[in-house]
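Written below as C-alpha cells is the structure these notes are about.
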Amino acid sequence: MTRWRLLFTVVGVGVTLHAHDVISTKITWSREVSRIVYKRCASCHRDGGSAFSLINYDEARPWAKAIKEEVLSRRMPPWNAVKGFAEFKNDAGLTQEELEIIADWVEGGAPEGNPLYMPSKPRARKSVESKNAGDSVRVAGSLVLKAPAEFTGIQPGTLQPGSVVQVVAQRPDGVVDPLLWVQNFNPAYNQPYVFANPVSLPAGTRISVTPASAPAVVLYRASDK
C-alpha cells in the first residue's frame, strides 16, 4: 500500500507541475495585458459582444497562446489597412510595443499578477466616424484635383475577400502622400478609415488607386468651418 501511495503522490505532483507554466516574466495580466485587451479587444470580446469575452483573467488565460498567434499574425484585432502606410484615428491594430508585451506575457507563463492593479472595466464605445458635411470625392483609377481640398477620411469600394488596394496622392511638386493600403481584405470589417489628421492637398494633386481595376474609393471632404 505504501508503494502505491508513493506512486500516486509522485504522479499527482507531476500532473500539477505540468498543468502550470513556469513564470519567467514580470509582465502580468493585471498590470499590462488587461489594459491592452480593454483598449483594443473589448469592443467585441465582452459579454454581449460579437465574440467570446476576454474581460477577466479566467476568461483570457485559456486563450493565451491563441491570442499571441492571432495578434502576431495581425488577424486580430481586425484591421484591413497596412499599419504605418498612413495614420488613422480609428486604427484598431496593435502597436509593436503592444505586440511585444503580449508575446512576452504568453512566453513567460501568462501570469495574472496582483488584482489590485486591474483597470476599470471598459465601457462600450461608439465607432469613430469621419466628420464631413456630406461632400465627398469619388476616385476610380485616378483623379486630378481641380481645386485645393482637405480630406478627413477614406472609404474603399466593395472589394472581394482577399483583395489588395492602394491609394496615394501625388502633389504637383512630386511629393507622395500615402492615403490607404489594404491587404487581404476582409469584408466583415469594412469601414471608413478616419485620418489621424486632415489631409490637405493642393490643386493639381493626382490621386491614384492601384490596381486601376479596383472599385472606386471615396474621400470625405472636411466640413467647412
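Answer yes or no as to whether residue 212 is of a type outside the set (S, T, N, Q), loosely packed, with under 14 Cβ neighbours inside 10 Å, in contact (Cβ under 8 Å) with a residue 40 or more places away in the chain and not in a strand (DSSP E or B).
So residue 212 fits the description; yes.
Filtering the stretch 147-171 down to residues that are farther than 15 Å from residue 81 by Cβ, modelled with pLDDT of 95 or more and not aliphatic (A, V, I, L, M), which residue is farthest from the chain's Cα centre (by Cα)?
Across the stretch 147-171, the extreme among qualifying residues is 148.
For residues in the stretch 1-30 being closer than 15 Å to residue 106 by Cβ and open to solvent by 100 Å² or more (accessible area, probe 1.4 Å), which is modelled with the lowest pLDDT?
Filtering the stretch 1-30 for residues that are closer than 15 Å to residue 106 by Cβ and open to solvent by 100 Å² or more (accessible area, probe 1.4 Å), the one modelled with the lowest pLDDT comes out as 20.
Could you tell me which residue of the stretch 51-107 is modelled with the highest pLDDT, considering only residues that are part of a loop (DSSP other than H, G, I, E, B), of a type in the set (Ser, Thr, Tyr) and closer than 18 Å to residue 35 by Cα?
53
Please pick out the residue among 138, 123 that is assigned to a strand (DSSP E or B), open to solvent by 50 Å² or more (accessible area, probe 1.4 Å) and not β-branched (Val, Ile, Thr).
Among 138, 123, only 138 is assigned to a strand (DSSP E or B), open to solvent by 50 Å² or more (accessible area, probe 1.4 Å) and not β-branched (Val, Ile, Thr).
The values are calculated or read from the model by the stated rules, or taken from the named source; none is laboratory data. As the structure is a computational prediction, the values presented were derived from the model and not from experiment. Neighbour counts run over all protein chains shown; Cβ positions are idealised from the backbone, glycine included. Accessible surface areas use protein heavy atoms only, side chains included; no ligands, DNA or RNA. Shrake-Rupley method; radii C 1.70, N 1.55, O 1.52, S 1.80 Å.
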